[in-house]
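Novice: Submitted below is the structure of interest, expressed as structure tokens.
The values are calculated or read from the model by the stated rules, or taken from the named source; none is laboratory data. What you see is a predicted model, and the numbers here were worked out from it, not measured in a lab. Here Cβ is always computed from backbone atoms with ideal geometry, including for glycine, and neighbour counts include all displayed protein chains. Accessible surface areas use protein heavy atoms only, side chains included; no ligands, DNA or RNA. Shrake-Rupley method; radii C 1.70, N 1.55, O 1.52, S 1.80 Å.
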Amino acid sequence: MPRDRSTTLTDAVERIEPGSSIAMGLALEHAIPFAVGHELVRQQRDELTLVGPISDVLFDQLVGAGLVDRIRAAWIGNASAGSGYCFRRAVESSDLEVEDHSNLSLAMALHAGSLGVSYLPTRSLLGSDLLSSESPFETETCPFTGETQVLVPAIKPDWTVVHAQRADRYGDVHYWGSRGVTEEAIGAADHVLVTCEELVEPSVIKSDPDRVVGTREQVDAVVECPMGAHPSPLTGCYRRDHDRYVSYHDRTETPEGYREWADEWVHGVDREEYVDRLDPDLRDLEETVAAEVHYGY
């Protein structure tokens, strides 16, 4: 009998030790696991290293809470409004170590981690200032072609956190829409936490194996968490809440503003109250249905 991996958001986040490295925000602006980020703030899991290509404001919120020592990413900010003020303040005050990547180099680093190799080669960074003396990259001459290559070292996070449309209680996960480097990050991590819009019966997952991004052998904990990616969009469930991003930008220009925002939207609400405050029209989507697929031989 497979193990039931379903649990609460509080219990799942308690398993993430302070000092952990966490990969999140792996599908660019889609399906960002904000609910887990907010629970990390409530539980004050600090000394974190964050890994992700473009996390929108999730990493900014964790930096604002004083939980982050290091970031390995391609971009940090607010895609709707510009700067991430908390991130900018931390960098300007030298309170944060930042390892600069391109989206491709971060994807390659996680892919190398998932393959169990120490690096992967590329030519894409040649000529860029990402090859500074402080970068993690090395260059070498290819023994087969004689060309100069950049070696991208593997990243193996302690945890990968994913928000998906649905999963079963055993840890098999269905996900659709932009995936980014979700599968690579799941494969590279020591542990995987999945939040989902709904827990479903295993027969639902088995009915469509092509939508599986993570399996029970990879996933440590599963949490049913409706609107768990808000304010980012989740394909087929809800659209991006642009107003919330703009409001966050306007309110967090100062440290005092960030604390007031966090008191209202993180410390001052539980998940049910958070969802009750949201605009129900975010779920009012244009009906777009994929063509039926037949499996079998």
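Novice: In deg cm²/dmol and to the nearest 500, what is the mean residue ellipticity at 222 nm of the chain if only DSSP H runs of at least 4 residues count, each as -39500 (n - 2.57), divided by the residue total?
Specialist: When only DSSP H runs of four or more count, the value is -7000 deg cm²/dmol.
Novice: Follow-up. What ranking do 266-278, 112-124, 178-190 get when scored by the average of other Cβ atoms within 10 Å per residue, highest first?
Specialist: 178-190, 112-124, 266-278
Novice: How many percent of the accessible area of the chain is carbon or sulfur, using a 1.4 Å probe?
Specialist: Working: 6390 of 13980 Å².
C and S fraction of accessible area: 46 percent.
Novice: Treat the stretch 23-157 as a sphere of radius equal to its Kirkwood radius over Cα pairs and apply Stokes-Einstein at 25 °C in a medium of 0.890 mPa s; give the translational diffusion coefficient in µm²/s, rounded to a whole number.
Specialist: 156
Novice: Compute the distance from the alpha-carbon center of the stretch 129-158 to that of the stretch 218-267, in whole Å.
Specialist: Cα centroid of the stretch 129-158 versus Cα centroid of the stretch 218-267: 35 Å apart.
Novice: Now for a separate question. Can you tell me which of 3-11, 43-51, 191-199 comes out highest on packing, and rank the rest after it, using the mean Cβ neighbours within 10 Å?
Specialist: Answer by packing, highest mean first, reads 191-199, 43-51, 3-11.
Novice: Another question about this same structure. So what's the Cα pair-distance distribution over the stretch 179-225, bin width 5 Å, in %?
Specialist: Result, from short to long distances: 5, 19, 28, 30, 16, 2 percent.
Novice: Still on this structure, please answer the following. Once you keep just the Cα pairs under 8 angstrom separated by 6 or more residues, what percentage relative contact order results for the chain? Don't skip to the answer; put the middle values down first.
Specialist: Details: 617 pairs, mean separation 60.1, N = 297.
RCO, the chain: 20 percent.
Novice: Please compute P(r) over all alpha-carbon pairs of the stretch 181-297, binned at 5 Å starting from zero, and give each bin as a whole-number percent.
Specialist: Pair shares across the bins are 2, 8, 14, 17, 17, 16, 14, 6, 3, 2, 1, 0, 0.
Novice: Over the chain, average the accessible area per residue using a 1.4 Å probe and give it in Å², no decimals.
Specialist: Accessible area per residue: 47 Å².
Novice: Given springs between every Cα pair under 10 Å in a Gaussian network model of the chain, which of 233, 280, 143 has the largest fluctuation?
Specialist: 143
Novice: Shifting gears a bit: Just checking my list (1) 26; (2) 41; (3) 49 against percent of Cα pairs over 32 Å apart computed from this structure; which label fits?
Specialist: Checking each listed value against the structure points to (1).
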